[in-house]
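Bear in mind that the values in this text are calculations on the coordinates, not laboratory data. Note that this is a predicted model, so its numbers are computed, not measured. So basically every Cβ, Gly included, is an ideal-geometry build from the backbone, and we count neighbours across all protein chains shown.
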Amino acid sequence: MDVTWGSAEAVLADNWIGASTVPSRGLYPHQWSWDSAFIAFGLRHLAPERARRELVTLFSAQWRDGRVPHILFNPDTPPEAYFPGPAFWRAGRTSGLIQPPVHARAVLAVHRADPAGSGAETFLATLYPKLKAWHGYLRTYRDAGGRGLASIVHPWESGMDNSPAWDGPLSRVTPVDPAGFVRRDLEHGHAADRPSDEDYGRYVRLASAYRDCGYLDERWADVDGGFTVEDPGLNALLADAELALAEIADVLGLPAAAATHRESAARVAKALQETLWDSASGFFFARDVRTGERTREYTCAGLLPLVLPDLAVAPALVATATGPRFRLGEVHGVPSYDLTAADFDPGRYWRGPSWFNVGWLVRRGLLHHGEHALAAWLRDDLVETATGTGFAEYADPFTGTGHGARSFGWTAALTVDLMS
Ligand code: 2M8
């Protein structure tokens, strides 16, 4: 057996907690929404029944309104292991936020890897209505801007917590006093690799405010200083998820439903291009719904629309990706932020380092748009960097040095997937 494959498999075995996988034993000791979807992409090659279980467990925590919570807390983990824990959220075993909807794509891939395995016969039929309700939540309750795009109400919902794109909208949020909470993340990660105390103060302020309005999106618009942003990454993944749902409906013999999902995907993709694409810059920027202004930071979220096969602007977006701001094909992975920006930081979380899930998504996009040589290069680079860093959470784009947690779930899982 290949050494890389074997060590990635060992990471996933160590991070398995019985019905799901933790992103990292120390830093993130619970189940995270989009992590589980990425992890399932790898698990399907190793243990398809575990991949199914991972996703079924996550969806067992779905809320009545359709939202899939961003964290499902593990009852066997001590409450002080992670902040903010269940006592903060006051929502039973879950948080009240969401993360990008990569689940339908994962469900379809898991099904295809093992369509006849034991338990496989009910897997798609069980998850289809849940996925439909999840996307429905995003397309209705979260359409705060009224343009057919889903909004996020907290940076954690983007999955790219301290992305520079959120600095503008976050500047209106008053941080809570850092003496009021304990940052458990700093017990496991270097402060220089993590968000700042001021960032955390703002995250806590926003999460408490959303909690205190009962997690009711219709009330959020009236909350002063609230954060409401249309993220190109989340919306591209939503359009792609609707396409995956259409394929799932086809497999289930529901052609009319499949057509509806394709129309919905096309609507989101159109709104994305009309609202967030800036042709002069050749890039997708986030939009602050509260001010109506587009942000100006080039972050990796703006490259994620490449996952859409029908993307008229793909050549211009690939040109930006290979240009000086991201230097795709020259540096390791896909930097999370503009390499030419004065505040680019190669080691600090979502403000510069390359993340493996983003590299994996961009590679898929490159394949859609005929960029086969670049996709092959990126695949080899991601596998090499993941292996060389002990499956780090993220890596310095210039040196390939690992940062953040090691033995990180999606890094190991996506490496297995890239090698399959
Ligand atoms: C990071 O986010 C969490 C909050 O959700 C944290 O910093 O504690 C992000 O990188 C996010 O994308 C990821 O899903 C999560 C767990 O890996 O960690």
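Tabulated data
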| item | result |
| --- | --- |
| Fraction of alpha-carbon pairs over 19 Å apart in region 344-420 - percent | 30 percent |
| For S95, S171, S24, order by how many other beta-carbon atoms lie within 10 Å, fewest first | S171, S24, S95 |
| Simple spin-label estimate for I17 and H368 in nanometres, 7 Å along Cα-Cβ | 3.2 nm |
| Assigned charges on the beta-carbon of Lys, Arg, Asp, Glu; region 98-228 dipole about Cα centre (debye) | 520 debye |
| Candidates N357, N162, N74, ranked by Gaussian network fluctuation over the chain, Cα under 10 Å, top entry | N74 |
| Share of alpha-carbon pairs per 20 Å distance bin for region 3-419, given as whole % | 28, 64, 8 |
| Backbone N within region 88-132 under 14 Å of label point (7 Å from S420 Cα along the Cβ vector) | 105-117 |
| Difference of contour (0.36 nm per residue) and Cα-Cα distance, A341 to D310 | 8.1 nm |
| Spin-label model distance (nm) - V223 vs S196, 7 Å beyond Cα toward Cβ | 2.4 nm |
| Residue of A37, A301, A179 that the Gaussian network model of the chain assigns the largest fluctuation, springs spanning Cα pairs under 10 Å | A179 |
| Summed side-chain charge close to V110 - residues other than V110 whose Cβ falls under 12 Å, Lys, Arg +1, Asp, Glu -1 | +2 |
| FRET efficiency, V182 to R267 (Cβ-Cβ, R0 51 Å, nearest 0.05) | 0.70 |
| Dipole of the chain, positive direction: furthest Cα of L367, G404, L206, with charges on the beta-carbon | L206 |
| Residue-by-residue Karplus 3J(HN,Hα) for region 298-307, coefficients 6.51, -1.76, 1.60, Hz, glycine and proline x | 8, 10, 4, 4, x, 8, 5, x, 4, 5 |
| Charged-residue dipole, Cβ positions (Lys, Arg, Asp, Glu), the chain about Cα centre, Debye nearest 20 | 760 debye |
| Long-range HN-HN contacts of Y337 with modeled amide H, under 5 Å | C300, G352 |
